[in-house]
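Notes follow the structure.
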Amino acid sequence: MDFLTIIGIAVAMTGIFYGHQLEGGDAIGVLSHPMSYVIILGGTIGATLTQTPLPHLIRTIKLTPWLIKPPANDYPAMIGEIVEWSQTARKEGLLALEDKLETVTDPFTRKGLQMLASAREPQAIRATLEAELDAIEELNMSASKFYEAAGAFAPTIGIIGAVMGLIMIMSDLTDPSKLGVGIAAAFVATIYGLMFANVFFLPMGVKLKVYILAQSKYRELIIEGLLLIAGGENPRFIEEQLSSYVAE
């Protein structure tokens, strides 16, 4: 579980609203502006959806939970499993690896192991798995780009909201005493545009990118391990080679 996502948002929001109150502002009164929420969230989400293909939106929905529960890339466990496969291949031959397929749940790893058990050429295994890895990474990156796009749109939508609020105020100047409060409320949309962009959307996009690249590196280890087995390398040598992927 990645609790830093929740903690980071909570700390940022507390700092913004509490800091406003310390300056004598009425965070609950002035900043609680339903119109601003509707304009910012509606406008930003709408603009982002307009530029997003449906498959990318589906992938974004699928990967968003990674912000709280990222994929578990257990390097030691994976290295141990690859070493076990190499021992089986040396003792019983590559065909014996078909019995290991039942215990492999990850589709990417399962495909690679199936190709290895079928005695495919190492070059063919590498080409196939690397092409699939590139395709998966590109599709996954669309989730990161979705939030980055939302972060780019939100401040501009906030300016639109502020201008709309000023237009409403200027259209009715019968009560000058309310002018200052009205202008302040109009600029709340700008605040929310900047806040949603820099507290939510942009950090979420960056964090997703980190996890996507981490998963790609993990799968590179899998590819390397399968190729070492295909090359008939010693299990101990395979373990030493793959250990270089693990940061101390």
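Looking only at the range 56-89, which residues have a backbone nitrogen under 19 Å from a spot 7 Å from the Cα of V210 in the C-beta direction? What the label zone holds, given the 19 Å backbone N cut-off, is 63-75. Note on the chain: GNM, Cα springs under 10 Å; of Y18, Y218, Y192, the largest mean-square fluctuation is that of Y18. Go ahead and run the numbers for FRET between M13 and M168, Cβ-Cβ distance against an R0 of 30 Å, rounding to 0.05. FRET efficiency, M13 to M168: 0.65. Within the straight-line cut-off of under 19 Å between alpha carbons, the lysines reachable from K111 are K100, K217, sequence neighbours fewer than 8 places apart in one chain being disregarded. Between R110 and A96, the modelled label-to-label distance comes to 2.4 nm, taking each label 7 Å out from Cα in the direction of the beta carbon. Computed extension gain for F237 through I160, at 0.36 nm per residue and net of the alpha carbon distance, reaches 21.6 nm. Protection proxy ranking of 233-240, 222-229, by the mean of other Cβ atoms within 10 Å over each peptide's residues and highest first, is 222-229, 233-240.
Packing around the peptides 54-62, 109-117, taken as the average count of other Cβ atoms within 10 Å per residue, puts them in this order, highest first: 109-117, 54-62.
Each reported figure results from applying straightforward, stated rules to the coordinates on display, with no laboratory input. Since we're looking at a predicted model, the values are computed, not measured. Cβ atoms come from the backbone with ideal geometry, glycine included; neighbour counts cover every protein chain shown.
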